[in-house]
Every structure is written in C-alpha cells, then in structure tokens.
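The next block holds one structure in the form of structure tokens; read it before the comments.
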Amino acid sequence: MKKLLKISSFEQLFSLLPMKQRDMLNTLKEIRERKDFHPEENAYEHVRIVTERCIETGDPELILAAIFHDIFKFKLNEINEKTGEPTARGHEEEACKMVIENSDFILKFGADPGIVAGICLHHMRIKNFNVMKKSKRMAMMNQPFFLKVAIFTRADNMLSTEPMPKLSGLIQDKVVFNEELGTIEIKNKIIKLW
C-alpha cells in the first residue's frame, strides 16, 4: 500500500503542486479582490489563509479544495459593470475542471477528487444557501460533498475569526446539520456556518 502524503503547511503543499498550478497561484498576487469581503492584500494571500485554515481541520479534501478554489481568478478577473467591483465569473467551474484533470495529484493525499471538485464548484453557491428555494437547498444537501462545502465556507470567509473544527477521522454520519439555524454539530460542538 502506498503511503499517503500529509499536508502540514501551505508552503509545503504549494511546493508539491505541479509547476503550472504554482505559476497560476503566483499570478494571484496581482489580484485585489472586493475589499468589503477581502481585507487581505491579494487573492494569493486569500488562498494561503483559506488553505491554512483548512489544514487546521486535518481534512485533505478541504485542504486541496482550498488551494484550488480560486486558482482561476487571475485568468477570469474583470470589473463588474454594475458595481464597479472586481469579479471572476466562472472561476468555480474552471477550478472544478482543474481538480478533475489533476485527480492523480489529489489521490496522493487520500482525497476523493469528486469531493474536492464539488467543493470547488459550489464554494460560491453555498454562500446563498439560506436564501435558496427549499428544492434547491434539498438538492444541495443530498450531494456527497455538502457538509464539507458548508464547512469550507467558514474557511473562505475572511471576516470570520472563528477557529476551524478538527475533522480528522470524522465519520460523515456523525455530523448533524441544522438547516434552520445554519449550524453543524461535530463531536458535541455547535459550529455556526453562516
């Protein structure tokens, strides 16, 4: 049996990425995101913070989603004509495709590429979960990545100072999601998601 790679820091994971992805991440240093949601210096710093937060969970799928989730913001960055704010429409879909293309890399960490891709694809959509129609909420809740993308949104929120939950060795069916309150209960601890 192959030994799985363990991720202990953003820098370590960055150094293990294929050169193409490292180059793409480095270009994020030139991207300034919306200041009302992103007080950090640039999109690269955002990805670093989200990745470090996800490392705290011990969950390789969250960690890998963190490093890939905004990787296409440089390529797709534009100014929204209505708001005058930066946006990167479609970056979620492109990140999802890149995860699937890099399945072998994802598998080295013991992560499921489908779950990582699902987190990347829905990391923006989950932010509107509490205002979705019930049928859309139910459809999302039935996805195998739902709880992880719900937890990921905590790491992706730059205005949050709450610590990330430890998920190492967590059994998925031992997590209780309360849709009405927007909370999850993990190991008898209530965590507010939004």
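The values are calculated or read from the model by the stated rules, or taken from the named source; none is laboratory data. All values reported here derive from a predicted model rather than from experimental measurement. Glycine gets a Cβ as well: all are built from the backbone with ideal geometry, and neighbour counts include every protein chain shown.
How many residues are of a type outside the set (S, T, N, Q), in a loop (DSSP other than H, G, I, E, B) and closer than 21 Å to K29 by Cα if we restrict to the range 77-105?
The number of residues fulfilling the criteria is 5.
For residues that are hydrophobic (A, V, I, L, M, F, W, C) and either outside any helix (DSSP H, G or I) or under 13 Å from K73 (Cβ atoms) (or both), tally how many sit in the range 7-46. Full working, then the answer.
Restricting attention to the range 7-46, the residues satisfying the condition of being hydrophobic (A, V, I, L, M, F, W, C) are 7, 10, 13-14, 16-17, 19, 24-25, 28, 31, 37, 43.
Then keep just the ones that are either outside any helix (DSSP H, G or I) or under 13 Å from K73 (Cβ atoms) (or both); that gives 7, 17, 24-25, 28, 31, 37, 43.
The number of residues fulfilling the criteria is 8.
When the range 106-154 is examined, which residues are found to be over 13 Å from the mean Cα position of the chain (by Cα), among the aliphatic types (A, V, I, L, M) and either assigned to a helix (DSSP H, G or I) or surrounded by 22 or more Cβ atoms within 10 Å (Cβ to Cβ) (or both)?
Of everything in the range 106-154, those that are over 13 Å from the mean Cα position of the chain (by Cα), among the aliphatic types (A, V, I, L, M) and either assigned to a helix (DSSP H, G or I) or surrounded by 22 or more Cβ atoms within 10 Å (Cβ to Cβ) (or both) turn out to be I106, L107, A111, V131, M138, A139, M140, M141.
Within the range 22-40, restricting attention to residues that are at pLDDT below 80, of a type in the set (D, E, K, R) and over 18 Å from T153 (Cβ atoms), which residue is surrounded by the most Cβ atoms within 10 Å (Cβ to Cβ)?
So the residue we want is R32.
Across the range 9-57, what is the total count of residues that are closer than 17 Å to E85 by Cα and charged (D, E, K, R)?
Total meeting the criteria: 8.
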